[in-house]
Amino acid sequence: MGWLDLINNSDAHDQPNSEDIQQVTSGHKGSVTHGLLAAAASYEAAKAYEKHVADNGKPDNHAQAKEILAAFSGAFIDQVVETKGLDFIDKEKAKHDAKKHIDENFTETTYVEEYGQQPHKAEFSHELIAGAASFEAAKAYEKHCAANGKPASHALAKELLAGFAGAFIDREVETKGLDFIDREKAKRHAEQHVDENFTENVYVENY
């Protein structure tokens, strides 16, 4: 549910709630960083790429596949920034970070060796789903703060974010058929994203 299900899923249960989005984009800039948006965009690109391949066949080469992934991630970033009020986001920086995610996760070895046999495994790495989970956690955290107030400490705030990220990973694995994903590994990656993006300075200065 939320922004991360916009592509490749038309079920109304998975569409973004406008009130939730408004809570994310109004006032609290700290939790929605370039890095988290880029990670979410990379995950969305992986989902869109899989649909593209199902409809059109595998791209002729690794370079072309990465171009398609970069285009999908860029389109997601443009959509989110332009329609959700994230004016503080530098779109080009976010796109650059998303391209880096793609380069790190969609290697030529992945393209050549894995895609043909097990398509999900090629695109949905632990790192990508963890990045998307961290972004989704930022959204859920904003909603929590709006409803309950700021957590009493940075440590408690990070626990909440990790919990929200873990819930997203569990839901994705259970509902999207990603049985090959090691949930605990993905959750550890998500916690690392939270640690890197939600520092104590962010907690103190932005909330």
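The values are calculated or read from the model by the stated rules, or taken from the named source; none is laboratory data. Computed from a predicted model, the values in this text were never measured in an experiment. Positions of Cβ are backbone-derived with ideal geometry, glycine not excepted, and every protein chain shown enters the neighbour counts.
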Selection from the stretch 162-205 of residues that are surrounded by 14 or more Cβ atoms within 10 Å (Cβ to Cβ), without any contact (Cβ under 8 Å) to a residue 60 or more places away in the chain and of a type in the set (A, V, I, L, M, F, W, C)
A162, F164, A165, A167, I169, V173, L178, I181
Can you tell me which residues in the stretch 92-101 are acidic (D, E) and loosely packed, with under 15 Cβ neighbours inside 10 Å?
E92
Scanning the stretch 37-49 residue by residue, the ones that are within 19 Å of K84 (Cα to Cα), out of contact with any Asp or Glu (no Cβ under 7 Å at 6 or more places or on another chain) and either surrounded by fewer than 18 Cβ atoms within 10 Å (Cβ to Cβ) or not charged (D, E, K, R) (or both) total 7
Per the list (1) among the β-branched types (V, I, T); (2) within 30 Å of A48 (Cα to Cα); (3) modelled with pLDDT under 90, residue check on I169 breaks on (3)
Let me confirm something: among H62, H34, H52, which residue is surrounded by fewer than 24 Cβ atoms within 10 Å (Cβ to Cβ) and under 13 Å from the mean Cα position of the chain (by Cα)?
H34
So the check is Cβ under 9 Å with 6+ separation or different chains; which pairs have a first residue in the stretch 70-86 that's under 20 Å from K100 (Cβ atoms) and a second one that's acidic (D, E) and crowded, with 17+ Cβ neighbours inside 10 Å?
F72/E44; S73/E44; A75/E44; F76/E44
If we keep just the residues of the stretch 66-91 that are more than 17 Å from E136 (Cβ to Cβ), modelled with pLDDT of 90 or more and among the hydrophobic types (A, V, I, L, M, F, W, C), which is surrounded by the most Cβ atoms within 10 Å (Cβ to Cβ)?
L69
